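The values are calculated or read from the model by the stated rules, or taken from the named source; none is laboratory data. A quick note: this is a predicted structure, and the numbers were derived from the prediction, not measured. Don't worry about glycine lacking a Cβ; one is built from the backbone with ideal geometry, like all the others, and counts go over all protein chains shown. Calculation scope for accessible area: heavy atoms of the full protein, side chains included, ligands and nucleic acids excluded. Shrake-Rupley method; radii C 1.70, N 1.55, O 1.52, S 1.80 Å.
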Amino acid sequence: MGIEDILMYDESLFQNINAFDPDYMPQNYNFRDTQMEAMAISIRPAMIGGQPSNAIVLGSPATGKTTAIRKVFELVEKNTEKVVCVYINCQLHTTRFGIFSQIYKKMFGHVPPETGVPFSRIYDQIMQNLQKNNKSLVIALDDVNYLFQSKTANKVFYDMLRAYEEYPGVKTAIFAILSDLEFKYAFDKNVNSVFIPQEIHFPLYSYSEIE
Ligand SMILES: Nc1ncnc2c1ncn2[C@@H]1O[C@H](COP(=O)(O)OP(=O)(O)O)[C@@H](O)[C@H]1O
Ligand SMILES: [Mg+2]
């Protein structure tokens, strides 16, 4: 076969090769109703101006955690403007500035400049905006174990969950997603007192479910 023949060869095992893209969202997404309901129950108070609750989402790789949270966030945003949902991949965004830049981007439509703007200004703009518009903030920290390597986790959890002390009325919650089930996470005391998560478990799929 010549090079062009290889490039143009149209026989394939795949019905839809895009199904292997990292950001692919399956149309048919089954067997995760219980977990998505638990996520919805955590977020629901925020839909009516209340306090959303924190969760820790646990499951081996490829058990559908990322897909589930993305779908739930989509549904929340379809139904209300009162809750800002931000999905953050902690493998890509490992610093406090990087993470809050993603939140800023979601709220203001662009990332803040990387130089010259102190973290405190970005943080202040985010929290003031939430306060002024009476909106809650729910963030998903996917693969959150990456934040523990750099000690960023304590800071980010603290900044998020104790925001109400400086900005009264601001309501925030964290969905922390973990694929590494052996991973033992430990927070400082001042985070432990505000991060009291419910656990949402994603079990492995059975053979018939996979089929
Ligand atoms: N119940 C499901 N139905 C269809 N596709 C699924 C289901 N669960 C997972 N997938 C697919 O499997 C891949 C891995 O899922 P993902 O949500 O990234 O898992 P995790 O975040 O737990 O590693 C994705 O391509 C996703 O679309
Ligand atoms: Mg994932």
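Some observations on this one:
- Percent accessible area from carbon and sulfur atoms, segment 38-182, protein chains only, probe 1.4 Å: 49 percent
- Remark: spin-label model distance residue 60-residue 128 equals 5.0 nm, labels positioned 7 Å along the Cα→Cβ axis.
- Computed extension length for residue 165-residue 44: 41.3 nm, one decimal, from 0.36 nm per residue of separation with the Cα-Cα distance subtracted.
- Candidates 138, 16, 29 compared by Cα position along the dipole of the chain: farthest toward the positive end lies 138, with charges placed on Cβ.
- Measuring with a 1.4 angstrom probe and ignoring ligands and nucleic acids, residue 32 comes out at about 10 Å² accessible.
- Nearest 10 degrees, 0 to 90: helix 152-161 Cα axis against the chain principal axis: 60 degrees
- Length gained on full extension, residue 181 to residue 5, computed as 0.36 nm times the residue gap minus the Cα-Cα distance: 58.8 nm.
- Largest GNM mean-square fluctuation across 36, 47, 25, computed for the chain with C-alpha springs under 10 Å, falls on 25.
- Inverting the pair-averaged 1/r between distinct Cα atoms of the chain gives 18.7 Å as its Kirkwood hydrodynamic radius.
- Heavy atoms of the protein chains alone define the surface here; on that basis segment 1-90 has 67 Å² accessible area per residue at 1.4 Å probe size.
- With contacts taken as Cα pairs under 8 Å and at least 6 residues apart, segment 35-210 reaches a relative contact order of 36 percent.
- Length gained on full extension, residue 198 to residue 37: 56.7 nm, using 0.36 nm per residue less the C-alpha separation.
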